[in-house]
Amino acid sequence: MTFSWELILAFACGAGLALLMGWMLLSRRIKLARIQADEIVELARKDAEIQAREIRSQATIEFEKERVDREAFLNERRQKIQREEEDLQARRKDIDRVRQRLSHREAEIDKIRTDTLAEQARYENLVDHYETLLKRIADISDEEARQLLREEAREQTAGELQQIQREMVIHAEDEAKSEAQRILIDVMQRVGSSVSQQISATIVDLPSEDMKGRIIGREGRNIKSFERATGVTLMIDETPGTILVSSFDPVRREVARIALERLIKDGRIHPVSIEETVDSVRRDMEDHVIQLGESALLKLRLHGLHPEVIRLLGMLHYRLSNNQNTLEHSVEVAFLASLLASELGLDPELAKRCGLLHDLGKAIDHEYEGSHAASASRLLQRHGEDPIVVNAVACSHDEVEATSVYAALTKVADSLSATRPGARTDSMDGYVQRVRSLEDIALNYEEVSEAYAVQAGREIRVIVSPEAVDDLGARSLARKIRQRIEDELQYPGTIKVTLVREQRFVETAK
């Protein structure tokens, strides 16, 4: 059987195509098998990861549980240990307290042993002493024996008597201080005086504004003549209906005020009328001064003073001491001295006389030499005043020695009147200057680091460096500052010096 090439070729092509189809089908199956295998492997891997994660979570939970249990156990053990430590601390403190008590008891026992030994030694000495005395008594007379007994008793009781005397003195001082405070408070309550005010100018009312021009005068002749005749300053400003009379001399200011009021009332204002009016007012002022002195005597119910003394008393009305009226101050001192004398069983009239005249010298002019206390005492002695009063006036500034208790009584009354609240006032400039002077005096010492004037200048607080001065030096420095204040400053009342020396140690914990 013969085949043609075409048939063979066709058969070959069909076989190749079949083989190709079979290979492609086989490849697809292999690929599908591989995909399935990969999916199976991936699923197995995911299952393994899930199982591993679960196992890890379970292990973590068990670990946390175990950790919490362990921590709870440790906390319990720690608290137990802390309680045991606190118990140990408490027991240690108890042991320390017991040890301290034992130490105190041992110290007491040692002291008792020492005292016992001392008493034993004293008794042995007494035995020896009395044996010696007995041996001596056997050879002495009765009088000599009594003398020995008296000497022995005196020696044994000397220390006790000194102690009793010291206690009695302290008790007497306390009682005297308490009684003095009671008397002073009672006297101060019974005397009430006005509060001083600073006055350096007086206001005079004018009937009209035209009067200002008449007072000034042509080219200022009238005002210049008035100021020259009176020694004051007339201050004329835009204030309607008033004119200011300024002077620190109260007598001149009062004369000028009265003269100006008379001139305004009269209406005739020229240099001649001004001089005549001022002279007339000065003469009237002399009569008024005498009336003021007599009024003070009438208020105090005193008599027998020389007319010159009465005139000088009236002049005190126009004298100021730190803006305190000196006549009112003298009358107040007289009342205080009289009350104090009555409390102490002294003569109140004599004390009143001393208090009234203690500042009389402040009204005496320059014709009398010396201090105002010495001048007043000489004047009073010349006019026949009581020697006790003369001495009290002379002793008011510690220039002579006191010869009676009335001098000290006058000083006490003077201090009460001068230092009571509101008795005296300072100007602002004077106050600032005093405060600055106080601080400058304290800061002048190298040991002082800071100084402050307080209590309106009545106290100076000084702070010193503790490295530069010790306690003894600080006390000495306070006395030096006090002495300089007394020597260099003029001030009413008293000034307290408070010196502070302290050390401070500061640490900061970080």
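Computed from the coordinates by the stated procedures, all read-outs in this text should not be read as laboratory data. Small disclaimer: the values here were computed from a predicted structure and weren't measured. Because the Cβ atoms are built from the backbone with ideal geometry, glycine has one as well, and the counts that use them run over all protein chains shown.
Just to verify a number: FRET efficiency for residue 81 and residue 31, C-beta to C-beta distance, R0 = 56 Å, to 0.05?
Taking R0 as 56 Å, the efficiency between residue 81 and residue 31 is 0.15.
Considering only Cα-Cα distances, which of the following residue pairs are longer than 22 Å: 411/496; 352/496; 212/265; 362/411; 362/480; 411/480?
Checking Cα-Cα distances, 352/496; 362/480; 411/480 exceed 22 Å.
Could you tally the net charge around residue 294, taking each other residue with its Cβ under 14 Å from the Cβ of residue 294, Lys/Arg +1 and Asp/Glu -1?
Around residue 294, the charge tally is 0.
R0 = 51 Å: FRET efficiency of residue 120 with residue 467, Cβ-based, nearest 0.05?
0.50
Would you order 123, 318 from fewest to most other beta-carbon atoms within 10 Å of each residue's own beta-carbon?
Fewest-to-most Cβ neighbours within 10 Å comes out as 123, 318.
Arranged by the count of other C-beta atoms within 10 angstrom, fewest first, what order do 275, 332 take?
Fewest to most other Cβ atoms nearby, the residues stand as 275, 332.
How much length would be gained if the chain were fully extended between residue 6 and residue 40, taking 0.36 nm per residue of separation minus their Cα-Cα distance, in nm to one decimal?
7.2 nm is the gain from fully extending residue 6 to residue 40.
If I stretch the segment between residue 415 and residue 440 completely, what's the gain in nm (0.36 nm per residue apart, minus their alpha carbon distance), one decimal?
Residue separation times 0.36 nm, minus the Cα-Cα distance, leaves 6.3 nm.
Got a sec? How would 212, 65 order by Cβ neighbour count within 10 Å, fewest to most?
65, 212
No solvent, one uniform scatterer per C-alpha: report log10 I(q)/I(0) for region 428-500 via the Debye equation at q = 0.24 1/Å, two decimals.
-1.06
How far apart, in nm, are two points set 7 Å out from the Cα along the Cα-to-Cβ line at residue 90 and at residue 343?
Once both label points are built, they end up 6.3 nm from each other.
Between residue 454 and residue 69, how high is the FRET efficiency from 1/(1 + (r/R0)^6) when r is the Cβ-Cβ distance and R₀ = 51 Å? Nearest 0.05.
Plugging the Cβ-Cβ distance into 1/(1 + (r/R0)^6) gives 0.10.
Take each of the peptides 102-112, 474-484, 458-468, 306-316, average the number of other beta-carbon atoms within 10 Å over its residues, and list them starting from the highest.
306-316, 458-468, 474-484, 102-112
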